1. Let me confirm something: among Val129, Val100, which residue is in the same structural domain as His236 (by TED's automatic domain parsing) and of a type in the set (Val, Ile, Thr)?
2. Being more than 12 Å from the ligand (Cβ to nearest atom), more than 22 Å from the chain's Cα centre (by Cα) and among the small types (Gly, Ala, Ser) is the requirement here; does Gly38 meet it?
3. Looking at the structure I just gave you, is Phe108 under 20 Å from the mean Cα position of the chain (by Cα) and more than 10 Å from the ligand (Cβ to nearest atom)?
4. State all residues of segment 49-59 that are more than 6 Å from the ligand (Cβ to nearest atom) and of a type outside the set (A, V, I, L, M); if no residue qualifies, say none.
5. Any residue in segment 234-241 that is touching a Phe, Trp or Tyr at 6+ places or on another chain (Cβ under 6 Å) and over 20 Å from Ser166 (Cα atoms)?
6. Here are Val65, Val8: which of them is hydrophobic (A, V, I, L, M, F, W, C), in a helix (DSSP H, G or I) and either closer than 23 Å to Asn245 by Cα or modelled with pLDDT under 95 (or both)?
7. Against the definition (out of contact with any strand residue (DSSP E or B) (no Cβ under 6 Å at 6 or more places or on another chain), touching a residue at least 60 places away in the same chain (Cβ under 8 Å), surrounded by fewer than 20 Cβ atoms within 10 Å (Cβ to Cβ) and not in a helix (DSSP H, G or I)), how does Phe108 come out, yes or no?
Amino acid sequence: MKIWKVAVIGARGRMGSEAVRAINLAEDMDLVAALGRGDSLQELVEAGAEVVVDLSVPEASYSNVSFAIEAGMHAVVGTTGWQEDQLAQLQEALSQHPGVGVLIAPNFALGSLLASRFAAQAAKFFESVEIIELHHPNKLDAPSGTASYTAQKIAQARAQAGMGASPDATVSDPDGARGAKIEGINVHAVRLRGLTAHQEVLLGDAGQQLTIRHDSFDRTSFMPGLLMGVRKVADHPGLTVGLENYLDLD
Ligand SMILES: NC(=O)c1ccc[n+]([C@@H]2O[C@H](COP(=O)([O-])OP(=O)(O)OC[C@H]3O[C@@H](n4cnc5c(N)ncnc54)[C@H](OP(=O)(O)O)[C@@H]3O)[C@@H](O)[C@H]2O)c1
């Protein structure tokens, strides 16, 4: 059995400490370095890391991943907030290191990726579709990145099927009760104490409704996807954005 030598950057953070726990429990992984703010990236080289997991902050993630690429290490990145120009620069750096794989995965929750996919598949069979995302009240942004992503995928599927907007006779909505519109799809954001991260896609047609719901109850929900990323990144040289591209869903 191949034993992956894995390093975590941001190892003392909420996600990073969960990743350290999961990697330590994985029989096919050896945690060789656990870095935090202020630690030298040179430790990655000294530890002989093959895969670097970055769970830090947007300001640091780009330089962490660039370092890994230059050192010939694969990278699995959960840190969110990547800009298009940074992704283009990564592509450029990777072209000089053809054997290296980088996975940028804004969402490691396999159930959530599947829910978005199933919603997009179902969308063309229902006249109406709306999204409700529900999160803890400490979340700073709305709607969630996952809800925006799901809305985009649904909108693409409906456009390809030649469908128009969901029916809606609303003519007055001074307080925005109908929610945000992402690519024409209504998205509603709920912030409630006690929740973690949840999403419902409501699909409606004459006499029937399909609801596709995913719930993340805690950060362990991200770990099977993260470990899958570590195991598969070397088989996907170059840049991959989105863990769904490793799931072989087609
Ligand atoms: N992909 C997914 O499925 C997923 C799921 C949840 C969250 N996330 C993302 O994962 C990232 C981490 O989230 P979190 O909740 O774990 O945040 P967090 O608890 O704030 O952890 C971030 C960690 O990064 C460390 N850090 C800051 N600057 C650094 C640097 N220059 N080099 C190395 N480490 C540095 C911080 O150290 P200090 O404590 O010293 O500041 C902290 O320990 C965020 O971008 C979040 O959006 C992704």
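1. On the way: Val129 fails: in the same structural domain as His236 (by TED's automatic domain parsing).
Just one listed residue meets the conditions, Val100.
2. Values: more than 12 Å from the ligand (Cβ to nearest atom): no; more than 22 Å from the chain's Cα centre (by Cα): yes; among the small types (Gly, Ala, Ser): yes.
Here the answer is no, as Gly38 does not meet what is asked.
3. Working: under 20 Å from the mean Cα position of the chain (by Cα): yes; more than 10 Å from the ligand (Cβ to nearest atom): no.
Judged against the criteria, Phe108 is not a match.
4. If we filter segment 49-59 for residues that are more than 6 Å from the ligand (Cβ to nearest atom), which is where we start, we get 49-54, 58-59.
If the condition is that a residue be more than 6 Å from the ligand (Cβ to nearest atom) and of a type outside the set (A, V, I, L, M), then Glu50, Asp54, Pro58, Glu59 are the ones that fit.
5. Going through segment 234-241, the residues touching a Phe, Trp or Tyr at 6+ places or on another chain (Cβ under 6 Å) turn out to be none.
No, segment 234-241 has no match at all.
6. After ruling out the rest, the residue left standing is Val65.
7. Numbers: out of contact with any strand residue (DSSP E or B) (no Cβ under 6 Å at 6 or more places or on another chain): yes; touching a residue at least 60 places away in the same chain (Cβ under 8 Å): yes; surrounded by fewer than 20 Cβ atoms within 10 Å (Cβ to Cβ): no; not in a helix (DSSP H, G or I): yes.
In short, no.
Residues checked against (1) in contact with a Ser or Thr (Cβ under 6 Å, 6 or more places away or on another chain); (2) closer than 23 Å to Asn107 by Cβ:
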| site | (1), (2) |
| --- | --- |
| Asp39 | no, no |
| Gln42 | no, no |
| Val51 | no, yes |
| Ser56 | yes, yes |
| Ala68 | no, yes |
| Trp82 | no, yes |
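The values are calculated or read from the model by the stated rules, or taken from the named source; none is laboratory data. Note that the coordinates shown come from a computational prediction; the quantities given were computed from them, not determined experimentally. So basically every Cβ, Gly included, is an ideal-geometry build from the backbone, and we count neighbours across all protein chains shown.
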